[in-house]
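So the structure is just underneath, and the comments pick up after that.
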Amino acid sequence: MSLRELYQEIIIDHSKEPRNFGKLMNANHHQAGHNPLCGDQLMVYVIENNGIVQDIHFEGNGCAISVASASLMTETVKGKSINDIHQLFEGFHYLVTQGQEPVVSLGKLAVFGGVAEFPVRVKCATLAWHTLKAALANNVDPVTTE
Ligand code: ZN
């Protein structure tokens, strides 16, 4: 199995069985995100304490890329500081737009490197991240990629 196929498998797995899926009771941040171009709709719930994301869930529906990205994002950012999360988002954005590994280590998020070949999918892959960022900033307006 090539690395590319392995990455594909991970994305399919997370899109079919998203981790940390469903409402999070006691969330002290939540935000809705929408990608009208594709129809992806997400809700991100966060329990943040002293700048650390202690727990995070999401719910919603969308294409395989948007759901898998939200699922892998929740796994990756749990237990991390808001500063670390901003760095991860920058690195992830670089990966899906440039198709190259950033300086910051992305771990499993590297599976989305192929997205760079499909610019229309970049918004699907980054929707959850934009939504998380807005949730942590306590933005009132729902996120839209348009
Ligand atoms: Zn999508």
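For this structure, a couple of remarks:
- If you go through the range 120-145 and keep only what is open to solvent by 70 Å² or more (accessible area, probe 1.4 Å) and farther than 17 Å from residue 62 by Cβ, you end up with 133, 138, 139, 140, 141.
- Residues in the range 113-146 that are out of contact with any helix residue (DSSP H, G or I) (no Cβ under 6 Å at 6 or more places or on another chain), modelled with pLDDT under 90, among the β-branched types (Val, Ile, Thr) and within 14 Å of the ligand (Cβ to nearest atom): 144 only.
- Selected residue (criterion: nearest to the chain's Cα centre (by Cα)) from residues of the range 96-114 that are open to solvent by less than 30 Å² (accessible area, probe 1.4 Å) and closer than 21 Å to residue 20 by Cβ: 109
- Beta carbons closer than 7 Å, at least 6 apart along the sequence or on distinct chains, pair a first residue in the range 112-128 that is within 15 Å of residue 43 (Cα to Cα) with a second that is away from the ligand (no atom under 13 Å from the Cβ) and at pLDDT 95 or above for 126/93; 128/44; 128/58; 128/73.
The values are calculated or read from the model by the stated rules, or taken from the named source; none is laboratory data. Predicted, not measured: the structure shown is a model, and the values here were computed from it. Cβ coordinates were reconstructed from backbone atoms using ideal geometry, including for glycine residues, and neighbour counts include every protein chain displayed. For the accessible areas, the whole protein counts, side chains as well, though only heavy atoms, and no ligand, DNA or RNA atoms are used. Shrake-Rupley method; radii C 1.70, N 1.55, O 1.52, S 1.80 Å.
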